């Protein structure tokens, strides 16, 4: 077998992967739509949401590497990739200033931590830009102002407007090293826009609203009232987009797990997995068996209308090289899970029973309504909402959703939901176990399930069904109040 490119395990940087000749499954088709937006002069904000470990940060670094003027003198590492066949490939490559914002440094413990985090977001972005371009291109006034910002002499209003001020400064004053005016507004990349929510405990309504408002103001000023950017790209986990953080933007393009255009650009398709198996699995190994094993363990997500494998887990398995052993479990739950734990903890036991039952039978599905635009306030303060809970489990990767129909408003999607793969089963059971351990009152069904007593769990679940009917779907629009 020929020596194959090393498999990147843990690397999230496009530049590192391509520069060091590592395996890269081509996702540059994602750039085509963005190029079309720029060529048509559309100042759009694109929001891409997927579960953790599905390549969001890798795609952000790919977008940065393609458009960023800082790489003009660097090697063209896009040769041979899909984007190189696009007619405008060379025209747009390395032609834009890029501001990268990593929201993972933001904590939502209180208002001070919010503003400290947003200050750090700006500081990191500014220092990264200054490393690439220096600051000699700035006017004295701008240089002094941003030096004051970096030193911490900045109030809350200045923090919220910092990226707007910086992007205006770049467009007005930036010149490249040849002395030619860079006559393009910067592209703004925002990674992990919702990361602070994963560890966030439920807060009093007044405090939660204040934090949400501060973050919403930052996002709105950065991407709505700011006239000095060409394109905005936002990535995160939760598709529950009307948080106030991005709902104030001018018709952002939401690419959630139901989006048909972006389905293949996050995770591996089955054809891509087959190709990787042919490349990395020795000839003497039964490759059909390997594909079947990987399909059972790592397949199961549906993005748009495409079956998607967990890319990190596939990479880990191939890098491990133990092809005579069953595939291992590499799926990582999103960091913290405090938000989801509390959501489940406060949900009705009848809904907990439904959710836990999916772990009892891997082939079991539940027909529910999924709303990818559920607001966070609903999740925090209306935990009995069955639709909101299932929606959260879907977008975080604990459940897969196969659409069967849509309501007329095209927002709430009727889906059959089930566990996506064997790999997620243990994490799913652990999630339920964590929630049940915090309950003061026992639940015979869930307790039996977690003891792996399938007979006891089945009996308990059937007993509950005798005394309580579950509505498979929310009331259809034409017949309010009726359950199917």
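No value in this document is a laboratory result; all are computed from the given coordinates. Everything numeric in this text was worked out from a predicted model, so none of it was measured. Glycine also receives a Cβ, built like all others from the backbone with ideal geometry; neighbour counts cover every protein chain displayed.
Observations on the structure shown:
- q = 0.10, 0.21, 0.23 Å⁻¹: log10 I(q)/I(0) that the Debye formula gives for the range 29-114, counting C-alpha atoms only: -0.33, -1.12, -1.28
- Cβ crowding within 10 Å ranks 365, 162 as 365, 162, fewest other Cβ atoms first.
- Averaging Cα coordinates gives a centre for the range 112-170 and one for the range 51-93; these two points are 26 Å apart.
- Per-residue Cβ neighbour rank within 10 angstrom, fewest leading, 253, 395: 253, 395
- Kirkwood analysis of the Cα pair distances in the range 267-320 returns a hydrodynamic radius of 11.2 Å.
- The alpha carbons of the range 91-142 occupy a box of 43, 31, 14 Å along the principal axes, longest dimension given first.
- Full extension of the chain segment joining residue 157 with residue 24 gains 43.7 nm, where the gain is 0.36 nm per residue of separation less the Cα-Cα distance.
- Counted by neighbouring Cβ atoms within 10 Å, the residues 141, 26 run from fewest to most as 141, 26.
- For the range 40-182, diffusion coefficient by Stokes-Einstein and Kirkwood Rh (Cα), 37 °C, 0.692 mPa s, µm²/s: 191
- Computed over the alpha carbons of the range 14-255, Rg followed by Dmax gives 17.9, 55 Å.
- Spacing of the modelled spin labels on residue 365 and residue 79, each 7 Å from Cα toward Cβ, amounts to 4.7 nm.
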